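Since the structure comes first, as structure tokens, the remarks are kept for the end.
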Amino acid sequence: MKNYFLFPGQGAQYPGMGKDLWETSQKVKDVFTCAADSTGVDVEKLLFEGTEEDLKSTDNTQIAITVVSLSAAALLKERGYSCAGTAGFSLGEYSALTEADVLALKDVFPLVRTRGLLMEKTAKKLDTGSGAPGMAAVIGLGYEDIKKVIRDNNIDGVSLANYNSPVQIVLTGTADGLTAAEAPCKEAGAKRYIRLKVSAPFHSPLLKEAQEEFAKVLHECTFNNPKIPVYSNVTGNQVGKGDEARQNCIDQIVSTVMWVEEEKQILSDGCQGCLEVGPGSVLTGLWKAVGGDIKCRPAGTIEAIRNLE
């Protein structure tokens with residue numbers, strides 16, 4: 001079966017995640033060891049003893065989710081599940097690039113930790129008297145609808161972060177901008193406008209400083225050409241070359257995650273089924289809006305992997 005591996009992004013974390021995988025496989029233990037050796041972070045302690053608050057810190061979150069996602073991928077392959085193509089949501093794109101051999105395992109963990117640190121550092125500078133910048137989920141409006149709302153109402157400091165589904169968009173921006181956008185979105189037909197509990201305005205031009213600093217780090221890292229199809233959040237299309245993947249990682253920090261476009265391209269390329277490889281089941285839920293008869297199934301825990309069998 002032509003399975004595609006989909007890797008989740010920030011927000012999927014929970015205390016204790018990955019312990020069941022770690023207890024099951026030496027290959028998973030090897031992933032944990034690589035992460036610890038390459039970053040100096042006690043990954044086992046962070047994941048198995050860390051609190052919800054510990055895992056919410058962006059520098060911790062990004063390495064934690066990446067470790068669990070790549071551990072689940074290692075266990076799936078150990079049990080005979082091959083990966084025909086791969087994509088990842090936001091942070092998850094780094095796991096996808098590793099699965100496609102664009103990034104080496106030893107390189108991905110320092111990269112995502114640095115990415116998290118730089119985002120956190122930049123976000124702290126953006127806090128004003130009006131409040132910290134952040135994000136808001138808009139339910140019931142389409143991608144073009146929300147772009148029109150922002151444009152027609154001249155709302156500053158807000159942009160589209162995530163194109164999650166045909167009727168679910170996430171906005172990102174300043175506290176004032178997100179407040180200003182709420183009433184016009186509801187007037188345009190949004191069923192819900194939900195402020196998200198996040199530590200930064202992810203995928204926003206507000207993170208330009210983090211983008212510029214991270215670009216220097218990425219240019220020091222090797223990006224190989226993909227060995228299997230891998231898709232870009234920035235374009236929604238397959239990545240052709242390693243240098244293209246590097247530029248997409250730079251652009252991704254301030255660009256919209258075009259997840260719906262990625263899903264459509266994956267379907268067009270002959271996907272026969274998807275596995276959500278990592279904590280949670282958010283991507284499984286989002287897939288239902290576009291996947292039709294092609295299913296996405298969670299595969300981030302031992303129980304979920306056994307259910308596949």
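In a residue-by-residue description of segment 183-202, the property of being part of a loop (DSSP other than H, G, I, E, B), of a type in the set (A, V, I, L, M) and at pLDDT 95 or above applies to at least one position. Screening Leu160, Leu178 for residues that are of a type in the set (A, V, I, L, M), under 28 Å from Ala215 (Cα atoms), assigned to a helix (DSSP H, G or I) and open to solvent by less than 70 Å² (accessible area, probe 1.4 Å) leaves exactly one candidate, Leu178. Condition check for Ile169 on (1) of a type in the set (A, V, I, L, M); (2) in contact with a helix residue (DSSP H, G or I) (Cβ under 6 Å, 6 or more places away or on another chain); (3) open to solvent by 10 Å² or more (accessible area, probe 1.4 Å): one failure, at (3).
In segment 97-143, which residues are farther than 30 Å from Lys241 by Cα, open to solvent by 40 Å² or more (accessible area, probe 1.4 Å) and in a helix (DSSP H, G or I)? The answer is Lys121, Lys124, Lys125. Residues in segment 70-89 that are among the hydroxyl-bearing types (Ser, Thr, Tyr) and either open to solvent by 20 Å² or more (accessible area, probe 1.4 Å) or part of a helix (DSSP H, G or I) (or both): Ser71, Tyr81, Ser82. Looking across segment 41-50 at every residue that is open to solvent by less than 70 Å² (accessible area, probe 1.4 Å) and of a type outside the set (A, V, I, L, M), the one that is modelled with the lowest pLDDT is identified as Gly50.
The lone criterion from (1) open to solvent by less than 60 Å² (accessible area, probe 1.4 Å); (2) under 30 Å from Val170 (Cβ atoms); (3) in a helix (DSSP H, G or I) left unmet by Glu53 is number (1). Restricted to segment 200-233, and to residues there that are aliphatic (A, V, I, L, M) and either open to solvent by 40 Å² or more (accessible area, probe 1.4 Å) or in contact (Cβ under 8 Å) with a residue 40 or more places away in the chain (or both), the residue that is farthest from Pro133 (Cα to Cα) is Ile228. Among the conditions (1) without any contact (Cβ under 8 Å) to a residue 40 or more places away in the chain; (2) buried (at least 22 other Cβ atoms within 10 Å of the Cβ); (3) within 22 Å of Thr58 (Cβ to Cβ), Arg246 misses just one, which is (2).
The values are calculated or read from the model by the stated rules, or taken from the named source; none is laboratory data. Not measured: the values here are computed from a predicted model. Glycine also receives a Cβ, built like all others from the backbone with ideal geometry; neighbour counts cover every protein chain displayed. To get the accessible areas, we keep the full protein, side chains included, count just its heavy atoms, and leave off ligands, DNA and RNA. Shrake-Rupley method; radii C 1.70, N 1.55, O 1.52, S 1.80 Å.
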